[in-house]
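The block underneath contains the structure these notes are about, expressed in structure tokens.
The values are calculated or read from the model by the stated rules, or taken from the named source; none is laboratory data. Keep in mind the model is a prediction, meaning the values are calculated, not measured. Because the Cβ atoms are built from the backbone with ideal geometry, glycine has one as well, and the counts that use them run over all protein chains shown. When the accessible area is computed, the model is the full protein with side chains, heavy atoms only, and any ligands, DNA or RNA have been set aside. Shrake-Rupley method; radii C 1.70, N 1.55, O 1.52, S 1.80 Å.
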Amino acid sequence: MVAPEVGASVAARSPRGAGRLLTAAYISFYGDWLTTTALVVLLLRLTGSPAAPAGYILARVAPRVVAAGYSGGLGERWGPTRVIATAWVAQGLITASIVPLYAAHSLVSIYVAVVASQFLNAIARPSIGTAIPRLVAPNRIARFNTLLSGADSSSILVAPAMGSVLLQISGRMSGPSVLLILDAVSFALAAVLIAGLVPAPPAGSRAARKPRSRSSGIRILLSDDLLRLVVVTFAAGTITAAATQSILVVAAQQRFGGANAVGWLYSAVGAGALVATLVLVKRPVRLTRTKLSLTAFVMIVPLALFSIVHQVWLALALLVITEAAGASVEIWGNSDIQERVPAADLPRANAALFSIWYGGMLVGALGALVLGPLVGWDRALALMCGLAAVLVLAGLAPASRREPATTPLTEIPD
């Protein structure tokens with residue numbers, strides 16, 4: 001259970017505070033996917049090489065693996081909302097700087113800007129999970145996480161499709177710049193919304209507790225059978241997700257009508273996540289190892305099938321199915337961690353979770369980047385799906401004999 005907070009004001013957990021956090025997340029997620037759409041097309045146009053989008057995904061993921069570990073300490077020292085707002089302001093400035101770099105065809109500088117932006121992203125993202133139990137009433141955490149997943153999924157559904165339309169009407173050279181400017185503005189708006197939210201720290205988060213090493217968050221997660229499977233399943237999901245993002249623009253160009261069609265493929269991913277959100281917001285599910293592992297395979301198998309299909313409608317359907325399962329895993333896992341881990345330990349636990357999450361993304365992006373030119377994007381994706389399946393099976397195998405005492409997810413009335 002989440003530890004009670006000392007001195008938390010009514011305002012800190014008011015619907016208004018939770019609403020501002022959710023609105024800021026919506027704005028930032030939408031802007032982020034506009035930039036993703038812009039950059040995969042931009043890099044393919046600048047280089048003419050399918051390796052460039054895969055390299056972008058790698059530049060997007062690699063700094064996150066390093067940066068996420070620092071999020072816990074910063075969250076404990078400054079508070080999660082201050083960390084998020086500061087990182088978002090800096091991200092907006094860096095995103096805006098890519099516009100003149102694109103005009104100058106400065107490929108290396110664009111990659112450097114992406115690395116810096118994503119380092120900040122990895123500082124901010126775990127802090128959202130840390131802020132949730134401090135701003136949201138305990139019996140509303142599962143529903144809030146479902147709505148947060150809805151922010152992410154609807155952004156993948158809507159923003160890439162918007163990006164594809166804007167790329168078409170804005171012209172070959174100016175289209176990506178329009179998307180980058182919109183993303184920079186979105187970061188500024190989101191930072192303004194969240195800057196004033198300063199919830200009280202949880203009991204024992206500072207002087208009352210001894211300093212912890214960065215590995216303590218990993219130990220917290222791995223000490224619990226169910227949370228250990230959550231961690232492994234998250235890693236498996238991010239491996240396949242990063243590999244898919246790395247090859248989608250190439251798949252669109254080779255099989256589905258051209259590079260600009262990548263926006264519609266991203267939108268199918270968002271549609272699947274949105275389906276899961278709409279179902280789970282009314283029907284919170286009590287998480288078990290069996291449900292989690294079965295849903296993980298529903299997440300992995302359709303992506304393996306995606307690598308062999310040539311019909312666009314079937315490709316879209318498979319992406320919808322896999323992302324519906326992936327969003328369910330994410331909602332259940334995040335809610336369970338936020339309810340089972342004491343609030344004072346949550347910054348470190350979330351930092352560890354996202355380090356592992358981003359590590360999976362790095363493996364997936366590297367797999368697509370290295371294997372794609374050797375065996376083709378389709379076989380590279382299939383191999384990454386096989387690796388993800390092995391990870392899930394490994395997470396099931398070493399279950400301990402003694403299950404720790406746990407508290408089920410709070411039932412939320414309709």
**OP:** Can you give me the P(r) profile for the range 38-125? Cα pairs, bins 5 angstrom wide beginning at 0, each as a whole percent.
**Re:** 3, 15, 23, 21, 16, 10, 7, 4, 1, 0
**OP:** Using the 2.2 N^0.38 Å rule of thumb for compact globular proteins, work out how the range 76-135 stacks up: its C-alpha Rg over that value, please.
**Re:** 1.35
Original post:
How big is the range 28-177 in terms of Cα radius of gyration and Dmax, in angstroms?
Top reply: 16.7, 52
**OP:** State, to one decimal in nm, how far the label point of Val66 lies from the label point of Gln254, with both points 7 Å from Cα in the Cβ direction.
**Re:** 3.2
Original post:
So, with a 1.4 angstrom probe, what is the percent of accessible area on the range 115-162 that is carbon and sulfur?
Top reply: 72
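For a quick protection proxy, order the peptides 138-151, 354-367 by their average other-Cβ count within 10 Å, most packed first.
354-367, 138-151
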Original post:
Using r as the Cβ-Cβ distance of Leu294 and Arg219, and R0 as 25 Å, what FRET efficiency do you calculate, to the nearest 0.05?
Top reply: 0.35
Original post:
Based on Cα positions only, what radius of gyration and what Dmax would you give for the range 299-360, in angstroms?
Top reply: 15.9, 50
**OP:** Starting from the Cα of Val375, step 7 Å along the direction of its Cβ; do the same at Leu305; then give the gap between the two resulting points in nm.
**Re:** 2.1
Original post:
Given the Cα-Cα distance of Val89 and Ala103 and 0.36 nm per residue of separation, how much length would full extension add, in nm?
Top reply: 2.7 nm
Original post:
Where Lys and Arg each count +1 and Asp and Glu each count -1, what net charge lies around Met299 among other residues with Cβ under 14 Å from its Cβ?
Top reply: -1
Subject >> Two-site FRET efficiency, Ala137 against Val112, from Cβ-Cβ distance with R₀ of 45 Å, rounded to 0.05 >> reply: 0.60
Subject >> Distance between modelled label sites at Arg45 and Thr23, nm, 7 Å Cα→Cβ extension >> reply: 3.4
Original post:
Which length gain, in nm to one decimal place, applies between Trp313 and Ile169 when the Cα-Cα distance is subtracted from 0.36 nm times their residue separation?
Top reply: 49.4 nm
Original post:
Where does the Debye-calculated log10 I(q)/I(0) of the range 94-193 sit at q = 0.13, 0.19, 0.20 Å⁻¹, using only Cα point scatterers of equal weight, no solvent?
Top reply: -0.62, -1.09, -1.16
**OP:** Provide the gained length on full extension for the span Arg77 to Leu393, in nm with one decimal, where the gain is 0.36 nm per separating residue minus the Cα-Cα distance.
**Re:** 110.0 nm
